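No value in this document is a laboratory result; all are computed from the given coordinates. Small disclaimer: the values here were computed from a predicted structure and weren't measured. Virtual Cβ from ideal backbone geometry, glycine too; neighbours counted across all protein chains shown.
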Protein chains: 2
Amino acid sequence: MASVSGAEAALATHVESRLRAVPSLDVERVGDNVVASTRGHHATRLLVAGHLDTVPGDPATARIEGDRLIGLGACDMKGSLAVMLELAEDPTPRAVEVTWVFYAREEIARAQSGLLELAQLRPDLLQADAAVLAEPTDGAVEAGCQGSLRALVTLRGARAHTARPYTGRNAIHRLGALLSRLASYEPRVVDLDGVVYTEQLQCVAVEGGVAANVVPDLARCTINHRVAPDRSIDEAGEWLRGYVADLLDDDDVFEVLDGAPPAPPAMGNIRLAALAAATGRPVRGKVGWTDVATFFELDIPATNFGAGDPRLAHRSDEYVTLVQLDDFAAALAAWLR
Amino acid sequence: MASVSGAEAALATHVESRLRAVPSLDVERVGDNVVASTRGHHATRLLVAGHLDTVPGDPATARIEGDRLIGLGACDMKGSLAVMLELAEDPTPRAVEVTWVFYAREEIARAQSGLLELAQLRPDLLQADAAVLAEPTDGAVEAGCQGSLRALVTLRGARAHTARPYTGRNAIHRLGALLSRLASYEPRVVDLDGVVYTEQLQCVAVEGGVAANVVPDLARCTINHRVAPDRSIDEAGEWLRGYVADLLDDDDVFEVLDGAPPAPPAMGNIRLAALAAATGRPVRGKVGWTDVATFFELDIPATNFGAGDPRLAHRSDEYVTLVQLDDFAAALAAWLR
C-alpha cells in the first residue's frame with residue numbers, strides 16, 4: 001500500500017479499522033492521523049508514536065528475502081508500525097495506560113506534520129507521562145535529537161565579459177574559499193548527561209551563472225547545520241554566521257532560512273531510563289532531527305526507540321530484519337507492562 | 001527598430017532598400033543577410049562586414065545625450081553599421097572594389113550565424129583580398145581573435161543523510177578546491193608578431209544539490225577559457241584538462257562542450273597593415289572571439305576595426321560618441337579609397 005507523504009489516507013483507514021476492532025481502545029481519527037488510547041484507571045500513561053508516511057519511492061519493490069523485509073519504508077518505519085499495531089491488539093493486562101499514535105506527513109516540511117496537527121487540534125490526545133517515538137534506532141535508545149538549521153549565503157560580484165574578467169568580479173570563484181571552509185569543518189562533539197551528540201555542517205546546494213561568456217555576479221550556497229541540544233537554533237545560526245564571516249563582504253548576505261529545534265536527552269525521566277536499561281545497550285544521541293523535539297515542546301519526556309538501522313532510512317535498499325522486529329517488540333512490550 | 005538575434009528581418013529590409021537605391025551596387029539578400037558589392041574593374045576587393053543583431057534588451061531606451069548615442073546595440077554595433085551605410089552610399093570614386101556585408105545572428109550560437117549561412121550558400125559573395133569586421137575596437141585595429149572554449153567538470157560524491165555525512169562524500173565540497181584553482185589562474189600572455197593576447201579562465205556556472213537534508217553526490221562546474229591564437233581549441237582543451245587533473249578522481253568527468261577557434265593576427269597583409277598605420281594607434285590583440293575567425297577559415301585576411309569601446313558591449317549603458325563615429329568613418333573611407 002503506497003503511503004508517500006500526503007497520501008496516507010488508505011493506510012490510515014486500514015490502521016483505524018484494525019484498532020477499532022480492539023474493545024479496550026478508544027479510537028479517534030483526526031485528518032489522516034489515528035490515535036488509540038486505553039481507557040483504564042492506571043495513574044501512568046505511556047505513549048508510542050510512529051509516522052505513516054514514507055519518502056517518495058516505489059512500494060512495488062517491497063519483498064521478503066529470508067528474514068528481511070526489503071523495500072521503501074521497511075526500516076523507516078513500516079516494521080515498527082507493524083509491531084505497534086500488534087502490541088495494541090495484544091490483550092495482555094498492563095499496569096499503565098497506553099496511547100498509540102499513528103500520524104501523517106513526517107517526511108516533509110514540518111509545518112505540514114500530522115503530529116503538529118494533532119498538537120493543535122487535539123492536544124488532549126497526546127497527554128502522557130512519557131513517550132516513545134518508534135523511528136529506527138537499531139534497537140537502542142537514541143536520546144533527544146539534534147536540531148537542523150538551513151542557511152543561505154549569497155556572494156556578490158560584478159558582471160563582465162569573460163575575455164576581460166578583470167573589469168568585473170567572479171562571484172562563483174569566491175565560492176571556492178567558502179566551500180573549502182565548509183569542507184574543513186571539524187564536528188563539535190557535545191556530551192550531555194553521558195549522551196554524545198556530534199554536530200555536522202554540509203553544503204547542500206550551490207547555484208550561480210549568467211551565460212557562457214559572462215563573469216557571474218551572483219553565487220548562492222545553501223548550508224545544512226545539525227545542532228546539538230545544548231544550543232538553540234538562534235545560537236547555532238549566530239555561530240555559523242561567525243564561522244564564515246571573514247569570507248563575506250558588505251554586499252554579501254548570510255541568512256538563516258529555517259530551523260527545527262533540538263531536544264535534550266531527557267534521560268532523567270525514570271520511565272525512559274528504565275526503557276534504556278531494558279535494551280541492554282548504551283544510550284546514543286540522535287544525530288538527526290525527529291519529533292522527539294515536538295514532544296519536548298509539548299513538555300512530554302520522549303525518546304527515539306525503534307527497529308531497523310537508521311543509516312538505511314531513505315535509501316532505495318532499506319530493510320528491516322525479523323530479529324530486529326522481535327527484539328523491538330519484546331523491549332516495547334516489557335516497557336508497557 | 002528592434003533587432004535582437006533572430007528578429008533582424010525588418011532591419012535587413014531597411015538596409016536592403018537603402019543599398020538598392022545606390023546605382024553602383026549589386027545587392028543580394030540571402031535570408032536576413034544583405035550583401036552589396038561594387039561591380040567595377042579594380043584588381044583589389046576589400047570587404048567590410050557588420051552584424052545586424054543585438055543581444056536581448058529594450059531598444060526603447062535608445063536616446064541621444066549631447067554627442068552620445070546611448071542604448072541597446074549603440075556600441076555593438078549600430079554606430080558602425082550607420083557609418084558602413086553612409087560610406088556605401090558615398091559616390092566618391094575609389095581605386096578598389098568594395099563589398100558591404102550586413103549579416104544576422106552574430107550574438108547567439110555560432111551554428112546559427114548569418115555569416116556562416118552566407119559562407120555555405122553564397123561563398124562567392126564573400127570573396128575579397130582583405131576584410132574589416134566592424135566590431136567595436138575603440139578606433140584601433142584589434143588583430144585576429146582569441147578562441148573560446150567551454151568545458152564542463154562533473155565531480156562525483158556519494159549521497160548520505162546530512163546528520164551522518166561521513167557515510168557519504170559531498171561532491172559540492174569538492175568544488176571548493178576546483179574553484180580556488182580557477183580563481184588563482186595567472187593569465188598566459190602571448191606575443192604574436194608584436195600583437196599581444198591575454199588568455200583567461202573563468203567559471204561561468206555551478207550547480208549541485210539534491211535536498212536540504214542530503215549530502216549531494218554530484219556537482220557541476222562550467223568553465224570558459226579564452227584561447228590565444230598560438231593554440232588550437234583541442235590543444236587548449238588538453239591544457240585545461242591537465243590544469244585541473246590532480247583535483248579529479250576516476251569517476252569524475254572533464255569534457256570540452258564546444259569551442260570557437262582563434263584566428264592569428266594576419267598583420268603581415270599589407271592592406272591590413274596600412275589600415276593599422278592609418279589609425280595612428282598600436283595594434284592590439286582581440287581578446288574576445290569574433291567572426292575574424294570565420295574569415296580566417298575562408299582564407300581571407302581580416303581584422304577587427306570599429307567605433308566604440310568594446311568594454312561597453314552587452315552592457316545596459318552602452319553608448320557610442322559622435323567623435324568615435326567620425327574617426328572611424330574617416331579611417332575606413334581612407335582605407336577604401
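Listed values, structure above:
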quantity	calculated
At 7 Å out from Cα toward Cβ: residue B:91 inter-copy label distances (nm, ascending)	11.8
Cα gyration tensor, the range A:63-115 - rounded (a/c under 1.5), prolate or oblate	oblate
Reciprocal of mean inverse Cα separation for the protein assembly as shown (Kirkwood radius, Å)	29.7
7 Å along Cα→Cβ, label-point gaps from residue A:111 to other copies, nm, shortest first	4.3
Backbone N within the range B:86-112 under 20 Å of label point (7 Å from residue B:2 Cα along the Cβ vector)	B:104-109
Choice from B:97, B:255, B:199 showing the highest fluctuation, given a GNM over chain B with Cα pairs closer than 10 Å	B:255
Computed over the range B:82-170, Kirkwood Rh from alpha-carbon pairs, angstrom	18.4
³J(HN,Hα), Karplus 6.51/-1.76/1.60, whole Hz, each residue of the range B:17-27, x for Gly, Pro	5, 4, 6, 5, 7, 9, x, 7, 10, 8, 10
In order through the range A:38-48: 3J(HN,Hα) via Karplus (6.51 cos²θ - 1.76 cosθ + 1.60), integer Hz, x for Gly, Pro	6, 10, x, 10, 5, 6, 9, 10, 10, 10, 10
Amide hydrogen neighbours beyond the local backbone of residue A:137, cut-off 5 Å, H modeled	A:306, A:307, A:308
Kirkwood Rh in Å, taken over all unlike Cα pairs in the range B:278-337	13.4
Taking the C-alpha atoms of the range B:187-265, convex hull volume expressed per residue in Å³	105
Farthest toward positive dipole pole in the protein assembly as shown [+1 Lys/Arg, -1 Asp/Glu at C-beta], among B:240, A:140, B:133	B:240
Whole-number D in µm² s⁻¹ for chain A, Kirkwood Cα-pair radius fed into Stokes-Einstein, 20 °C, 1.002 mPa s	99
7 Å along Cα→Cβ, label-point gaps from residue B:196 to other copies, nm, shortest first	6.0
Among B:155, B:267, B:203 the positive-end extreme of the charge dipole of chain B (Cβ point charges)	B:155
Beta bridges per DSSP with both ends in the protein assembly as shown, % antiparallel, nearest 5	75
Within a Gaussian network of chain A (alpha carbon springs, distance under 10 Å), most fluctuating of A:228, A:131, A:273	A:273
Difference of contour (0.36 nm per residue) and Cα-Cα distance, residue A:158 to residue A:111	13.1 nm
Extent along principal axes [Cα atoms of the range B:219-276; Å; largest to smallest]	54, 17, 13
Antiparallel bridges, percent of DSSP beta bridges restricted to chain B (to nearest 5)	75
Residues listed by number, the range A:20-35, amide nitrogen under 16 Å from residue A:42 label point at 7 Å toward C-beta	A:24-26
Gain in span if fully extended, residue A:211 to residue A:277, counting 0.36 nm per residue against the direct Cα distance	17.7 nm
Ranked list, fewest to most other Cβ atoms within 10 Å of each Cβ, for A:193, A:250	A:250, A:193
Candidates B:30, B:48, B:287: whichever shows maximal mean-square fluctuation once chain B is modelled as a Gaussian network with Cα springs under 10 Å	B:30
Convex hull of the range B:1-148 built on C-alpha atoms - directionally averaged projected area, nm²	9.7
Euclidean distance of C-alpha centroids, the range A:274-319 and the range A:171-211, integer Å	25
Computed lengthening from residue A:245 to residue A:166, 0.36 nm per intervening residue step minus Cα-Cα distance	25.9 nm
Average partner coverage of B:179-191, which counts Cβ from other chains inside 10 Å	3
Rounded FRET efficiency, nearest 0.05, which uses the C-beta distance separating residue A:120 from residue A:257 and R0 of 25 Å	0.60
